[in-house]
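The values are calculated or read from the model by the stated rules, or taken from the named source; none is laboratory data. Small disclaimer: the values here were computed from a predicted structure and weren't measured. Here Cβ is always computed from backbone atoms with ideal geometry, including for glycine, and neighbour counts include all displayed protein chains.
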Amino acid sequence: MPKAPEPERTRAERLLGDAARQRLGRASRLSALAAALWLPQAAALAWGIAGWAEGAPLWRTLWMALAFALLGLLRGWGEGRAARLAFRAADETLHLQRQALLDREALRLGGGSSAALAALLTEKLAALGPWITRYRPAMARARLLPLLYLAAILPLSWAAGLVLLVAGPLIPVFMALVGMAAQEASRKQMVEVGAMNTLLIDRIAALPDLLLLGAAGASRAEFAARAEGLRARTMAVLRVAFLSSTVLELFSALGVAMVAVYVGFSLLGEITFGTWGAPLTLFQGLFLLLLAPDFFQPLRDLAAAWHDRAAAEAVAGELASVADEPGTPVLGQGADAAPLDGPASVSLRGVRVAQGEQLVALPDMEIAPGTSLALRGPSGVGKTTALDVISGLLAPAEGQVLVAGHLLSDATADAWRARLAYVPQRVHIPDETLRAFLTGSPEGEVPEEALRRARASRIVETLPEGLDTVLGESGAGVSGGEARRLLLARALIRGAGVILADEPTADLDATTGAAVIAVLRDMAAEGRTVIVATHDPALAAAMDRVVDLEPHPC
């Protein structure tokens with residue numbers, strides 16, 4: 001028998017993993033079943049009060065009170081259990097989505113603003129939590145409880161059932177109408193939050209230039225205007241929420257009031273229609289009065305959570321947009337791997353790299369193990385691009401890159417990078433001790449010989465706590481040239497066989513630049529393969545070969 005097709009899922013629903021979806025399904029069913037216990041609770045309460053009012057034996061009222069309390073405890077346990085399951089599903093979904101987003105962004109070059117990404121990871125993704133914990137259980141309750149209550153009310157009074165049957169569907173109708181406006185308002189607010197974060201990070205980064213140029217006032221005015229725009233977007237969302245709540249409360253209040261008026265006048269004998277023959281008893285009237293407000297409660301809960309759904313759909317749409325943004329994927333998975341076997345050789349054959357809509361050709365190269373090579377040429381010609389291609393950080397659109405005799409691909413990139421040491425023009429030192437940065441372990445042993453050969457011994461001696469100094473995210477406490485020599489010391493300690501250096505002597509004084517050149521030359525003399533991208537004629541002259549790159553779009 002063919003399997004029935006699964007229902008079409010919204011963007012937000014597709015963010016749920018299988019485990020989270022199953023857990024949320026259990027939470028929704030348990031929440032609906034727990035809420036349905038109000039039906040026997042209301043019957044017990046009405047039966048007990050009616051018996052007490054009609055002079056029945058006291059034990060009947062006491063037994064009904066006990067039943068009401070026990071059902072209440074069971075209902076509370078069920079709702080608590082459902083809430084825990086829903087929150088676990090929310091935590092799991094948020095963790096998986098954040099991890100997937102970070103993994104995807106870490107394995108591609110280019111893409112959107114880092115500030116917008118930070119806003120998406122923190123503020124915006126958090127909007128999925130209320131949708132998971134509130135909307136899905138509310139939807140389950142709204143599907144079950146009104147029908148269940150109608151099935152209990154109609155045999156007692158067709159008039160009360162008719163009132164609820166007319167007033168009830170008006171709530172979903174208005175909820176759908178208001179929901180469309182809510183989703184659009186939520187989408188615009190999410191966009192404004194990302195733009196605000198981007199502007200803030202950009203202005204902080206450019207603060208020294210803004211102060212020097214006297215543009216702080218204009219920047220402040222622009223920031224104030226953007227903040228006012230975010231305030232207006234947020235107020236638009238709140239206006240829609242309050243409007244929808246007012247409309248829904250109006251219809252539910254009218255429905256409950258009409259049932260209350262009907263029951264009251266029926267018990268007084270003023271209304272004699274609306275039942276199936278016999279007049280309403282006190283038990284039946286109380287039972288109807290207890291069920292009428294709860295008939296609307298699941299619909300009101302769903303209406304309140306409808307805005308959570310709108311926000312979640314806006315976030316899901318932005319996640320889809322981020323996934324579709326242009327960016328070049330990095331080869332490999334960025335995971336630890338055993339070093340790739342084979343000689344430390346590099347070969348580029350017919351390599352062309354996509355830059356925008358153009359293909360930029362890189363010259364064919366054959367770099368033997370233990371040799372040094374300088375890539376030279378004007379800025380923007382592709383020197384850094386060539387280093388990115390060799391390290392597997394950039395996948396070529398055409399051609400082949402052979403490393404250690406293997407084709408550089410997703411399968412070999414991580415193992416190849418285990419043999420590399422990359423010295424970028426701007427060194428980033430993480431917030432950890434220098435010892436951990438150099439060795440990979442907070443207790444690692446740093447050979448004095450490696451520091452001496454990298455001309456870094458003096459750097460360590462001048463630090464306040466030596467190797468246990470925490471340099472911070474910005475590398476505070478060391479200059480650019482010192483940071484590059486520390487990276488070279490790290491390469492020696494970790495036994496890197498291939499050194500890639502991007503403008504290692506840029507912005508350095510002659511003495512510091514000469515020290516860096518000497519370290520690179522010594523590494524090449526020891527049999528390491530050294531490839532540098534440089535404008536520095538002194539560094540280029542120190543290498544075995546020089547390859548001049550010329551602008552050559554395909």
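Anything in region 476-511 that is touching a helix residue (DSSP H, G or I) at 6+ places or on another chain (Cβ under 7 Å) and of a type outside the set (A, V, I, L, M, F, W, C)? List them, or say none. Reasoning before the result, please.
Applying the first criterion (touching a helix residue (DSSP H, G or I) at 6+ places or on another chain (Cβ under 7 Å)) to region 476-511 yields 478, 481-482, 484-486, 488-490, 492-493, 499-502, 504-505, 507-508.
Within region 476-511, Gly481, Glu482, Arg484, Arg485, Arg490, Asp502, Pro504, Thr505, Asp507 qualify.
On the given criteria, is Val360 outside any helix (DSSP H, G or I), assigned by TED's automatic domain parsing to the domain that holds Glu465 and closer than 22 Å to Met543 by Cβ?
Details: outside any helix (DSSP H, G or I): yes; assigned by TED's automatic domain parsing to the domain that holds Glu465: yes; closer than 22 Å to Met543 by Cβ: no.
Against the criterion (outside any helix (DSSP H, G or I), assigned by TED's automatic domain parsing to the domain that holds Glu465 and closer than 22 Å to Met543 by Cβ), Val360 does not qualify.
Identify all residues within region 269-319 that are basic (Lys, Arg) and over 22 Å from Ala42 (Cα atoms); write none if there are none.
Arg309
Can you tell me which of Leu58, Leu125, Leu66 is surrounded by 14 or more Cβ atoms within 10 Å (Cβ to Cβ) and either assigned by TED's automatic domain parsing to the domain that holds Leu199 or modelled with pLDDT under 85 (or both)? So that I can check it myself, show each step before the final result.
Working: Leu58 fails: surrounded by 14 or more Cβ atoms within 10 Å (Cβ to Cβ); Leu66 fails: surrounded by 14 or more Cβ atoms within 10 Å (Cβ to Cβ).
Sole residue among the options that is surrounded by 14 or more Cβ atoms within 10 Å (Cβ to Cβ) and either assigned by TED's automatic domain parsing to the domain that holds Leu199 or modelled with pLDDT under 85 (or both): Leu125.
Could you grab me the full set of residues in region 414-441 that are of a type in the set (Phe, Trp, Tyr) and either farther than 21 Å from Val530 by Cα or surrounded by fewer than 16 Cβ atoms within 10 Å (Cβ to Cβ) (or both)?
The answer is Phe437, and nothing else.
Scan region 164-185 and tell me whether some residue there is at pLDDT below 75, of a type outside the set (D, E, K, R), under 30 Å from Arg220 (Cα atoms) and buried (at least 19 other Cβ atoms within 10 Å of the Cβ).
yes
Just one of (1) assigned to a loop (DSSP other than H, G, I, E, B); (2) closer than 18 Å to Gly168 by Cβ; (3) of a type in the set (Val, Ile, Thr) trips up Thr275, so point out which.
(2)
I'd like the full set of residues that are assigned to a loop (DSSP other than H, G, I, E, B) and closer than 20 Å to Glu398 by Cβ, limited to region 331-356.
Once the filter is applied, which keeps residues that are assigned to a loop (DSSP other than H, G, I, E, B) and closer than 20 Å to Glu398 by Cβ, region 331-356 yields Leu331, Gly332, Gly356.
So which residues in region 393-409 are surrounded by 14 or more Cβ atoms within 10 Å (Cβ to Cβ) and in a loop (DSSP other than H, G, I, E, B), if there are any at all?
If the condition is that a residue be surrounded by 14 or more Cβ atoms within 10 Å (Cβ to Cβ) and in a loop (DSSP other than H, G, I, E, B), then Leu393, Leu394, Ala395, Pro396, Ala397, Ala404, Leu408, Ser409 are the ones that fit.
Identify the single condition in (1) free of Cβ contacts under 8 Å to residues at least 24 places away in the same chain; (2) outside any strand (DSSP E or B) that Glu366 does not satisfy, given that it satisfies every other one.
The single condition Glu366 does not satisfy is (2).
To keep it simple, each residue is scored yes or no on (1) surrounded by 13 or more Cβ atoms within 10 Å (Cβ to Cβ); (2) assigned to a loop (DSSP other than H, G, I, E, B).
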{"site": "Glu443", "(1), (2)": "no, yes"}
{"site": "Glu461", "(1), (2)": "no, no"}
{"site": "Leu467", "(1), (2)": "yes, no"}
{"site": "Ala514", "(1), (2)": "yes, no"}
{"site": "Val519", "(1), (2)": "yes, no"}
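May I ask you to verify whether Arg455 is on the phi > 0 side of the Ramachandran plot, of a type outside the set (Gly, Ala, Ser) and touching a helix residue (DSSP H, G or I) at 6+ places or on another chain (Cβ under 7 Å)?
Criteria met by Arg455.
Can you give me the number of residues within region 256-273 that are crowded, with 18+ Cβ neighbours inside 10 Å and within 55 Å of the chain's Cα centre (by Cα)?
Within region 256-273, residues that are crowded, with 18+ Cβ neighbours inside 10 Å and within 55 Å of the chain's Cα centre (by Cα) number 5.
Would you check if Gly495 is part of a loop (DSSP other than H, G, I, E, B), in contact (Cβ under 8 Å) with a residue 60 or more places away in the chain and either on the phi > 0 side of the Ramachandran plot or of a type in the set (Phe, Trp, Tyr) (or both)?
No.
Please tell me if Arg490 is closer than 28 Å to Ile390 by Cα and modelled with pLDDT under 85.
Working: closer than 28 Å to Ile390 by Cα: yes; modelled with pLDDT under 85: no.
It is false that Arg490 is closer than 28 Å to Ile390 by Cα and modelled with pLDDT under 85.
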